[in-house]
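What follows is a short report on a single structure.
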Amino acid sequence: MSRAGAWRPWSAVLVGLLLLAAQAGIGPPAAQAAGSLIVLTDPAPGSTVLVGAGFRIGWTESASPRAPIVARTVAAYVAPKPADGYCANRTYALGWTDTRANRPFSFPVVRLAPLACYYVVVTVTDVNGTSTSARSGYLLGLPARDPAASVTSPAPGAVTTAPPSTFELTWRESASAGVTRRFVTEQSAPMGPDRSCPATGWSSGRTFQPAAPSLEVEGLAEGTCYRYVVAIWDTSGGSASATSGPLLVSSIPPQCVYGDVPTSDGTLDDWARTLLDPTYRLAPRYSPLDLVSTRTLTGVNPSQRVRRVVLADLQAMVDAARAAGAPIDLTSAFRSYVGQQATYEYYAKALGPAGGLLRAARPGHSEHQLGTTIDVMGYDGVSPSNFTDWTVTKAGAWMRDNAWRFGWLMSYPKASSPAMTCYQYEPWHYRYVGRAVAAAVHASGLSLREYLWRHGSITPGA
Ligand SMILES: [Zn+2]
């Protein structure tokens with residue numbers, strides 16, 4: 001899309017009419033209040049946004065911790081070309097519905113026809129099956145431009161949050177006469193309340209002249225919002241420009257929300273840096289090729305499977321715990337996608353849907369699918385769930401204090417759970433990341449999720 005571009009005179013008239021329409025209060029009704037709250041932010045109710053062939057709608061959600069949102073549906077409604085330029089008070093028909101909108105807070109609406117009006121209805125459903133809907137403002141498709149530009153990441157619409165490392169700015173461009181020059185201006189603004197980015201008050205900073213339609217941006221500052229204005233010129237002197245969505249740079253991971261976004265480090269080789277949480281997940285077919293039986297270890301439950309890469313340090317840890325008078329055993333290790341589905345459903349049935357979500361990861365989101373994660377207990381066979389805090393036992397305390405020396409980390413430690421880890425404190429759940437990474441995480445004082453957000457390569461919007 002290209003909200004700022006080489007506008008022809010008729011579009012200025014059209015904008016005037018649309019502004020009048022907005023001021024006259026002709027617009028869709030506000031969000032209905034229910035268990036959860038959803039508010040469309042882009043396009044906001046009452047507004048009309050002129051767009052190219054695609055647009056990423058954005059919204060905010062809030063829900064009770066007892067009834068988190070677990071599903072999202074986007075429905076697009078379309079009306080044919082408005083003779084008078086108004087999108088309000090037309091007859092709309094359902095264009096399409098997409099239930100794969102399980103990426104929190106934004107969804108791309110693509111293949112918009114020129115001079116047709118659109119609005120979308122986003123429906124969120126909480127864990128108890130209660131749904132709440134909200135309707136957006138209008139999108140009005142503009143005729144195809146030549147040249148044309150639209151930013152794809154950070155996409156217009158919702159705020160994109162990224163860790164303070166490099167960020168790849170990307171855009172689409174077309175020019176039948178050929179692109180001769182590109183110019184990118186960076187704008188910045190301080191982060192607003194609740195990790196928001198402001199609508200106004202941006203100041204221009206660095207400029208870039210990239211040779212291709214992408215740009216690796218470095219030197220991004222913590223707690224700062226950025227956006228990018230991309231301008232292109234063609235050989236005949238025509239130009240187009242487009243503005244990105246806001247990019248919030250924060251070393252604090254995003255809020256814990258349920259979604260189904262493939263994690264960026266999701267290959268079998270990425271096991272030490274794969275970030276998994278209620279939003280980011282593994283592919284259902286992710287299954288390590290080097291799983292081995294724990295029968296090859298001495299002194300532990302032989303019925304589990306782990307990746308070969310953890311074997312030596314797992315044996316070393318088991319031996320050290322025994323030598324310290326705090327022997328441990330395994331209760332669970334590798335769990336397949338299908339196995340995790342059964343675990344999740346078991347807890348959801350026993351504890352109710354909301355309790356199940358806090359107690360077990362949904363399939364694809366469990367660290368047990370990595371094959372590098374174990375649940376432990378004392379060798380006496382008493383389940384850690386018999387204790388309010390398993391670290392009151394000798395085995396539990398030894399693991400808390402020493403597992404990191406052998407490359408193992410408690411994924412959901414007491415101090416940062418569930419606020420930063422998204423799961424309740426689990427003193428028995430350990431993930432192997434290798435001795436070097438474990439020592440670095442231990443020294444940082446961060447939970448693994450915080451550390452991986454900061455040091456991994458999560459690509460928002462990927
Ligand atoms: Zn576990």
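The values are calculated or read from the model by the stated rules, or taken from the named source; none is laboratory data. Values in this document were obtained by computation on a predicted structure and should not be read as measured data. Virtual Cβ from ideal backbone geometry, glycine too; neighbours counted across all protein chains shown.
Of all the numbered requirements in (1) modelled with pLDDT of 90 or more; (2) over 21 Å from V441 (Cα atoms); (3) within 16 Å of the ligand (Cβ to nearest atom); (4) basic (K, R), K394 misses one, and that requirement is (3).
Every residue, every condition in (1) at pLDDT below 95; (2) of a type in the set (F, W, Y), yes or no:
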position	(1), (2)
T294	no, no
V309	no, no
A312	no, no
Q315	no, no
T331	no, no
Q340	yes, no
Y344	yes, yes
K349	yes, no
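May I ask you to verify whether Q369 is at pLDDT 95 or above, within 12 Å of the ligand (Cβ to nearest atom) and touching a helix residue (DSSP H, G or I) at 6+ places or on another chain (Cβ under 7 Å)? Against the criterion (at pLDDT 95 or above, within 12 Å of the ligand (Cβ to nearest atom) and touching a helix residue (DSSP H, G or I) at 6+ places or on another chain (Cβ under 7 Å)), Q369 qualifies. Exactly one residue out of W271, W233 is closer than 17 Å to W171 by Cβ and surrounded by 15 or more Cβ atoms within 10 Å (Cβ to Cβ), and it is W233.
Residue count for region 308-343 satisfying the condition of being touching a Gly at 6+ places or on another chain (Cβ under 6 Å), crowded, with 21+ Cβ neighbours inside 10 Å and closer than 20 Å to D270 by Cα: 1.
Set side by side, the residues V382, V376 differ, and just one is within 14 Å of the ligand (Cβ to nearest atom) and assigned by TED's automatic domain parsing to the domain that holds G339, which is V376. Could you list all residues from region 174-225 that are within 21 Å of the chain's Cα centre (by Cα), hydroxyl-bearing (S, T, Y) and loosely packed, with under 15 Cβ neighbours inside 10 Å? Correct list: S196 only. G85 falls short on exactly one of the conditions (1) over 24 Å from the mean Cα position of the chain (by Cα); (2) on the phi < 0 side of the Ramachandran plot, and that condition is (2).
Of all residue pairs spaced 6 or more apart or on separate chains, those with beta-carbon atoms under 6 Å, a first member in region 424-440 that is assigned by TED's automatic domain parsing to the domain that holds I374 and a second member that is of a type in the set (D, E) and within 16 Å of the ligand (Cβ to nearest atom) are W428/D375; H429/D375; R431/E367.
For Y430, are the conditions met, namely being within 16 Å of the ligand (Cβ to nearest atom), of a type in the set (F, W, Y) and assigned to a loop (DSSP other than H, G, I, E, B)?
Here the answer is no, as Y430 does not meet what is asked.
Scan region 346-357 and tell me whether some residue there is closer than 26 Å to M420 by Cβ, within 16 Å of the ligand (Cβ to nearest atom), in contact with a strand residue (DSSP E or B) (Cβ under 8 Å, 6 or more places away or on another chain) and not basic (K, R). Yes: region 346-357 contains one or more residues that are closer than 26 Å to M420 by Cβ, within 16 Å of the ligand (Cβ to nearest atom), in contact with a strand residue (DSSP E or B) (Cβ under 8 Å, 6 or more places away or on another chain) and not basic (K, R). Residues of region 156-169 that are surrounded by 17 or more Cβ atoms within 10 Å (Cβ to Cβ) and outside any loop (DSSP other than H, G, I, E, B): T160, T161, A162, F167, L169.
Looking only at residues in region 397-420 that are within 12 Å of the ligand (Cβ to nearest atom) and in a loop (DSSP other than H, G, I, E, B), the one that is surrounded by the most Cβ atoms within 10 Å (Cβ to Cβ) is Y412.
Scanning region 131-155 for residues that are under 23 Å from the mean Cα position of the chain (by Cα) and either surrounded by fewer than 18 Cβ atoms within 10 Å (Cβ to Cβ) or in a strand (DSSP E or B) (or both) yields S131, T132, S133, A134, R135, S150, V151, T152, S153. Going by what's in this entry, would Q369 be described as farther than 18 Å from D329 by Cα and either among the aliphatic types (A, V, I, L, M) or surrounded by fewer than 20 Cβ atoms within 10 Å (Cβ to Cβ) (or both)? So Q369 does not fit the description; no.
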